[in-house]
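Novice: First the structure, then my questions, so here it is.
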Amino acid sequence: MALPLLRRWLDEPGSLTRRIRHKCSGCFYVEVLGERWGAPFLDEARRLGLRHKNWVWLREVLLCCDDSAWVYGRSVIPGQTLRGHLRGLQQLGQQPLGSVLFKRHPVSRGKIEIARLAADDGLYRQVVQSTAVAPGCWARRSVFHVAEHPLLVTEVFLPALAARAAGGESF
Ligand SMILES: C=C(O[C@@H]1C=C(C(=O)O)C=C[C@H]1O)C(=O)O
């Protein structure tokens, strides 16, 4: 999949949930793969300025349109962020994170990093346990700050979405 076909998705500055809802002509839903305390990957810890052994709240989901998973989402939330009104980030369930993040003010989004996942990436190995994906799939991540508290959101673009983008439609 060449970058330009997914360019609009990789560069989406707003909510990916909102974009999927707009593009999905059927039923959008969030499949929660897991929500738990755990250790971040080393590069995630570094990106959040945490010591590697700092436990964080990990949320993994699939954003789906009808029976197709379009995006794998992984949120890494430091315990320090889960305070006050942000404690609700631990009880999202099937409510999309984006529907909370983009409503809360003030929220800011840092630089969107883009990469293609190799088969030996820790993130790839995590995704492939839950859904169909292939080496070379595109992913992006960025750090959000909500009321100055950080959380890292990573999104992996899955084959069903890539196939739609390759369909040549202005997708
Ligand atoms: C940050 C957003 O939230 C999306 C929803 C997620 C969730 O529900 O866990 C995770 C990643 C995002 O794709 C968004 O909509 O842009």
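Novice: Does the range 1-50 classify as rounded, prolate or oblate by the C-alpha gyration tensor (a ≥ b ≥ c root eigenvalues; a/c under 1.5 gives rounded; else a/b over b/c gives prolate, otherwise oblate)? Mind showing how you got there, number by number?
Specialist: Numbers: a/c = 2.70, a/b = 1.45, b/c = 1.86.
It comes out oblate by the Cα gyration axes.
Novice: Each label point is 7 Å from the Cα along the Cα-to-Cβ direction; what then is the distance between the points at D120 and K23, in nm?
Specialist: 3.1
Novice: How much mean residue ellipticity at 222 nm does the chain get from its helices, if each DSSP H run of length 4 or more adds -39500 (n - 2.57) and you divide by all residues, to the nearest 500 deg cm²/dmol? Please report the intermediate quantities before stating the final value.
Specialist: Details: 6 runs with 43 residues, N = 171.
Using -39500 (n - 2.57) per qualifying helix, the result is -6500 deg cm²/dmol.
Novice: Something else about it: I need two numbers for the range 3-166: Rg to one decimal and Dmax as a whole number, Cα atoms only, in Å.
Specialist: Rg, Dmax (Cα atoms, Å): 14.9, 43.
Novice: What ranking do Y124, Y72, Y29 get, fewest neighbouring Cβ atoms within 10 angstrom at the top?
Specialist: Arranged by neighbour count, lowest to highest, Y124, Y72, Y29 become Y29, Y124, Y72.
Novice: Report the local net charge at D11: Lys and Arg +1, Asp and Glu -1, summed over other residues whose C-beta lies under 13 Å from its C-beta.
Specialist: Once positives and negatives cancel, what remains is +3.
Laboratory data are not the source of any read-out in this text; all were calculated from the coordinates shown. Because the structure is a prediction, the values reported are computed rather than measured. All Cβ positions, even for glycine, are placed from backbone atoms using ideal geometry, and neighbour counts span all protein chains on display.
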